[in-house]
Amino acid sequence: MKTIIAAAALGLVATSALASGPVAPQPYVPPVTVPVSSGYDWSGAYAGLGITYGRAQYDTNGAIPSYPDADGWGLSGIAGYNWQSGNLVFGGEVVADFSQRSGSNDCGAPGNTCSSDVENQASIRGRVGYAMDRSLMFMTVGYGRDERGAAGTLGGGSAVYSGAMLGVGYEQAIGSGAWTMRGDLEHYFYGDEQINGIATNGDTSILRFSVIRRF
């Protein structure tokens with residue numbers, strides 16, 4: 001009797017399944033990936049102060065007098081504005097360097113003395129970076145200039161150098177987020193200018209550490 005009841009129940013289930021028809025396969029729906037955006041807001045104006053160390057070339061390509069490269073520490077000011085879209089941060093800024101770099105050598109001719117100096121370094125540039133919450137990696141591209149001179153027992157002169165600049169850097173928000181710490185490594189492609197009648201290359205490299213206030 002139990003066997004007859006079980007067979008009847010099984011037949012009823014099978015009949016119901018056939019009556020409802022085959023089940024259509026469901027299409028695969030891939031999971032939606034939501035882009036990760038920076039939680040910290042980098043947009044807005046900023047200004048800051050920093051210290052720099054730089055070296056300016058005085059490369060005469062073997063010509064005499066061969067003036068010394070100028071190097072040294074200094075102070076700098078920076079001001080700019082950021083816009084942010086997702087993790088992308090972009091903007092523009094101006095930078096002024098209040099240092100005076102100098103150097104001395106024998107002019108490439110023993111028994112002589114030459115000196116060099118660089119001042120009034122400044123640049124205007126664009127900046128683009130990738131934000132990772134309170135951290136920002138970026139690069140800068142722009143235009144810079146400085147004023148420099150050379151003097152010595154074999155004569156001297158002065159020139160204004162200018163040209164393209166390229167930099168990379170890292171910035172980190174600290175405390176409540178209104179302040180950041182920033183480091184830049186910059187190279188200025190100044191090329192040649194005439195000093196004392198000699199074509200003198202003036203490419204410059206600068207390392208900059210700044211404390212920034214964001215508004």
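The values are calculated or read from the model by the stated rules, or taken from the named source; none is laboratory data. Keep in mind the model is a prediction, meaning the values are calculated, not measured. Cβ atoms come from the backbone with ideal geometry, glycine included; neighbour counts cover every protein chain shown.
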ask   = Before we move on, is Ile212 under 18 Å from Tyr40 (Cβ atoms), β-branched (Val, Ile, Thr) and at pLDDT 95 or above?
value = yes
task = Look through segment 138-163, keep the residues that are among the hydrophobic types (A, V, I, L, M, F, W, C) and closer than 25 Å to Ser102 by Cβ, and return whichever of them is nearest to the chain's Cα centre (by Cα).
result = Val160
key: Scope segment 191-215; condition closer than 21 Å to Gly54 by Cα and of a type in the set (S, T, N, Q); matching residues   = Thr200, Asn201, Thr204, Ser205, Ser210
request  = State whether the residues of segment 82-95 include one that is more than 30 Å from Gly177 (Cβ to Cβ) and at pLDDT 95 or above.
outcome  = no
query = Hey, does segment 125-134 have a residue that's of a type in the set (Lys, Arg), surrounded by fewer than 18 Cβ atoms within 10 Å (Cβ to Cβ) and out of contact with any Pro (no Cβ under 8 Å at 6 or more places or on another chain)?
reply = yes
